[in-house]
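Working notes, structure below.
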Amino acid sequence: PGRSLMDWIRLTKSGKDLTGLRGRLIEVTEDELSKHNKKEDCWICIRGFVYNVTPYMEYHPGGEDELMKAAGTDGTDLFDQVHRWVNYESMLKECLVGRMAVKPIAAPKGELKYIYFFLLYFLFYSYDWFQTDSLITVVIYTKQKDMNAELVIVDCQDKQLRGEIIIDDHSYLVEVDLDHAVSEDVAVNIAEKVGKVEIILNKKDNIHWKMLGQPREGHNTFIKRTDRGLFYRKCKLVSKTEVTHDTKLFCLMLPKGTHLCVPTGQHVYLKQIIAGTEVVKPYTPVLPFLPLDFQEPPRHDGVHIYLMIKIYSHGLFTQALDHLQIGDYISVSNPEGNFKKSQVQTSEDLLLLAGGTGFTPMVKLLNFALTEVSCVRTVKLIFFNKTEDDILWRNQLEQLALKDERFEVQFILSQPSKDWVGKQGTISSSLLSEFVKRSRRDSKVLICICGPTPFTEQGVQ
């Protein structure tokens, strides 16, 4: 109590000196930074800027120990590993001490690495464009043999075109301010075998374009995804339906000029301005319902994103989401995540351990395994909740278990009512040893776990 995000925002707006420098900005040397490495005097550098995080210690959701890992040092890598999507500039702007002093540059050691990446980009990526009276077609040649719709993200709004191609942990970008106006409808064609991507735009006026447009900062670059930063577009809330007493299914509609498919096992970030501070949270898209007929893969419309979100009574962000009206807009990022479908495609037994809303990443995974993975023999969901009222999509899961003999669901409650006849308890070795079994002695098993941090850590152990 008294240490919530809202309390922190209030403190930053109180006019209190949070840097200890009375509003001065200084240049910080490595030697100076290293001296501020205690809880009561803690400076951290992120991307060349130094912050006095001492006053933030008690407010940090991850606890003081996590912040102390970067005390008196450059914490950029650690920050990026845990939550690079957090807008620290906005959250910590009143704690800014100054910029790191620039060191003299030594002869580059990694020159070969840069030459390699340049060649990789030069060999694999190029783009071109051509026009007819009514169309502009931008062609990106990736030379990737397994190119698919999930790897292509296109946003075209207000004469600005942004086309991003994702290849493993790298990203290629075409980003221009178009020479003339185009209509909102954008089509994307992919020649999977040769890796050619076509972005087709409709001209608003049948005039001849002299050029595609003015290049923007990141145009025609091939870099690591983590260096690219997140891109957001505004999505409209079209429906909000109750799933349980405290969880709702939000349906968001992508803008007309956007092509985006969130891959299985990946998440997006929602961004809201709350009390003048930008707040960002990750959520994993789900399906609108669990398909019970697995004759063919479901065709996702490519227009809507469904998010199953638990509304916390004291949760600043989820309360703000819950207060959104139908027709309101919220910013949604590009997909992120390291999960690879190939991990599932070779599995015979898929075991899913979910705690509460940790069920959300399991929805698409479950559907993908039962629909598209021929070698899967069993898919077992072990679903931990507090009470019966907390179980998400219970009826749908039970129907699916009846319909598909490969699928089994086990509900485990930590605070059951006296009428509950199922299993009870929390995640433990004894409970898991009862349910986590192979279908055959040497079968290939994949275990996926998601839930609150203590649940996940306990489960992994």
Over its alpha-carbon atoms, region 232-336 yields an Rg and a Dmax in Å of 14.0, 49
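What are the semi-axes of the equivalent ellipsoid for region 128-172, taken as the square roots of 5 times the Cα gyration tensor eigenvalues, largest first, in whole Å? Please list the in-between numbers first.
Details: eigenvalues 98, 39, 13 Å².
Output for region 128-172: semi-axes of 22, 14, 8 Å.
Restricting to DSSP loop positions (anything but H, G, I, E, B) with no more than 15 other Cβ atoms inside 10 Å of their own Cβ, which GluC sites (Glu not before Pro) remain in region 345-426?
Details: sites: GLU348, GLU372, GLU388, GLU398, GLU405, GLU408; in loops: GLU348, GLU405.
Those that pass, being in a loop and sparsely packed, are GLU405.
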Quick calc, the chain, dipole around Cα centre from Cβ unit charges on Lys, Arg (+) and Asp, Glu (-), nearest 20 debye, gives 240 debye
The equivalent-ellipsoid semi-axes of region 5-100, taken as the square roots of five times the Cα gyration tensor eigenvalues and listed largest first in whole Å, are 18, 17, 12
Within region 296-369, DSSP-loop trypsin sites (Lys or Arg not before Pro) with at most 11 other C-beta atoms within 10 Å are ARG299
Note on the chain: contact order normalised by length, alpha-carbon pairs under 8 Å, 6 or more apart, percent, works out to 11 percent
Within region 9-87, DSSP-loop trypsin sites (Lys or Arg not before Pro) with at most 14 other C-beta atoms within 10 Å are LYS13, LYS16, ARG22, ARG24, LYS39, ARG47, LYS69
Applied in sequence order to region 16-24, the curve 6.51 cos²θ - 1.76 cosθ + 1.60 (Karplus, θ = phi - 60°) yields integer Hz couplings, x standing for Gly and Pro, of 5, 6, 8, 9, x, 10, 6, x, 6
Projected onto the charge dipole of region 394-461 (unit charges on the beta-carbon of Lys, Arg, Asp and Glu, signs +1, +1, -1, -1), the Cα from LEU446, VAL421, LEU402 with the largest positive-side position is that of LEU446
Averaged per residue, the 1.4 Å probe accessible area of region 168-231, protein heavy atoms only, in Å², is roughly 56 Å²
For region 346-395, the dipole about the Cα centre with charges only on Cβ (Lys and Arg +1, Asp and Glu -1), to the nearest 20 debye, works out at 20 debye
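Send over a whole-number figure in Å² for the accessible area per residue of region 232-336, probe 1.4 Å. Could you put the intermediate results ahead of the total?
Values: 4690 Å² over 105 residues.
With the other protein chains kept in place, region 232-336 gives 45 Å² per residue.
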So, for the Cα atoms of region 112-224, Rg and Dmax in Å stand at 14.2, 48
For region 341-460, the convex hull over Cα atoms projects on average to an area in nm² of 7.4 nm²
Per the charge dipole of the chain (beta-carbon charges, Lys/Arg positive, Asp/Glu negative, Cα centre), the residue among THR73, GLY62, THR244 reaching farthest to the positive end is THR73
Heavy-atom accessible area of the chain with neighbours in place, 1.4 angstrom probe: carbon+sulfur share in percent works out to 51 percent
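For every helix of n ≥ 4 consecutive DSSP H residues, a contribution of -39,500 (n - 2.57) applies; sum these over the chain, divide by its total residues, and give [θ] at 222 nm rounded to the nearest 500 deg cm²/dmol.
Details: 13 runs with 98 residues, N = 461.
Mean residue ellipticity at 222 nm (helix-derived): -5500 deg cm²/dmol.
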Taking the alpha-carbon centre of each part, the distance from region 25-84 to region 148-164 in Å is 36 Å
One finds the C-alpha centres of region 187-237 and region 353-375 to be spaced, in Å, by 31 Å
Magnitude of the Cβ-charge dipole (Lys and Arg +1, Asp and Glu -1) of region 5-100 about the Cα centre, nearest 20 debye, reported as 400 debye
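Can you work out the accessible area per residue across region 5-100, with the rest of the protein chains kept in place, probe 1.4 Å, in square angstrom? Could the numbers behind the result be given before it?
On the way: 5280 Å² over 96 residues.
Heavy-atom SASA per residue in region 5-100 reads 55 Å².
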Computed from every Cα-Cα pair in the chain, P(r) in 10 Å bins starting at 0 and rounded to whole percents is 4, 16, 24, 25, 20, 9, 2, 0
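The values are calculated or read from the model by the stated rules, or taken from the named source; none is laboratory data. Remember, predicted model here, so these are calculated numbers, not experimental data. Virtual Cβ from ideal backbone geometry, glycine too; neighbours counted across all protein chains shown. For accessibility, only protein heavy atoms count, side chains too; no ligands or nucleic acids. Shrake-Rupley method; radii C 1.70, N 1.55, O 1.52, S 1.80 Å.
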